[in-house]
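To keep things clear, I will list the structure first and then write my remarks on it.
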């Protein structure tokens, strides 16, 4: 990406206290220039403050790093921060939406549904709206999702809710799913028990919806809106779900492919609006419903 060098670049990372988000903040601080600003955000003031100080102290850090408290599930707070950055800096150049809810296999999916949906989906919608509106030409808005975010992982009965949908239609589908979970009718309607599947599909669908509206003008200005799959990452959030970590990446290694998208000059039209893994787009319609996964999680 490119911004005139008389203008400082502004980057924002959500869920950046630890794990992949922390690695993304560290990578941005190392790759960006002195005078640029990396905003490391999370919900807890003490953890955010400590993490920002630690990233600033790293030998390779060049950009300024500041901690900001941001609860991404608070849509008003997301909108306020976006407007603040517009007022103070004229907008933002990099937004890496990475916040996630930590779950354990033994947790009840139904009992955790609101938290998962609020952090992964309601927050994604708010970030796309609020920060998409202040993203400067040549910027990057990337939502960290998963390879489970391709449409084929849902029952075909549900595909029409997300395929070619607008952001408003995606939001409606998500709230319908939430209501079905609470009403005990989700399985009957075809929704999988495992929240991660519809949550990730909805994230990718939301990105696709916003990208479809912006595509022409964004490509003309070298601006990228996309979702990204970092692959298997060895973090406290993901470790409880897997027994074999022999192929898992460290957060720092997983961050590299995402940071390469941020740093790239120009935008590959084939990546715009897509779910990108290791620099390649994944087929939106790929995947099969993960019925077997439902057997290992609590409803």
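Just so you know, all these numbers are worked out from the coordinates, no wet-lab data involved. These numbers were taken from a predicted model, which means no experiment stands behind them. With ideal geometry, Cβ positions are generated from the backbone for all residues, glycine too; neighbour counts draw on all protein chains shown.
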Could you give the length gained on full extension between residue 66 and residue 102, defined as 0.36 nm per residue of separation minus the Cα-Cα distance, in nm? 10.5 nm
Can you tell me how the stretch 29-128 classifies by the Cα gyration tensor, rounded, prolate or oblate, using a/c under 1.5 as the rounded cut? oblate
So for the pair residue 160, residue 57, with labels modelled 7 Å out along Cα→Cβ, what separation do we get in nm? 5.8
Prolate/oblate/rounded call for the stretch 154-226, Cα gyration tensor, a/c under 1.5 rounded: prolate
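Looking at the chain, what % of its DSSP beta bridges pair antiparallel, to the nearest 5?
Of those bridges, close to 5 percent are antiparallel.
Where does each of 228, 100 land when they are ranked from fewest to most other beta-carbon atoms within 10 angstrom?
Arranged by neighbour count, lowest to highest, 228, 100 become 100, 228.
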Spin-label point model (7 Å from Cα, Cβ direction): what's the residue 77 to residue 185 distance in nm? 3.3
Project the alpha carbons of the chain onto their principal axes and report the range along each, largest first, in whole Å. 57, 39, 36
With a ≥ b ≥ c from the Cα gyration tensor eigenvalues, square-rooted, and the rule rounded for a/c under 1.5, otherwise prolate when a/b > b/c and oblate otherwise, the stretch 125-271 is oblate
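Relative contact order for the stretch 10-296: what percent, with Cα pairs under 8 Å and sequence separation of 6 or more? If you can, show how the numbers build up before the last one.
Details: 557 pairs, mean separation 56.5, N = 287.
Rounded, it is 20 percent for the stretch 10-296.
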The extension gain from residue 220 to residue 18, computed as 0.36 nm times the residue separation minus the Cα-Cα distance, is 69.2 nm
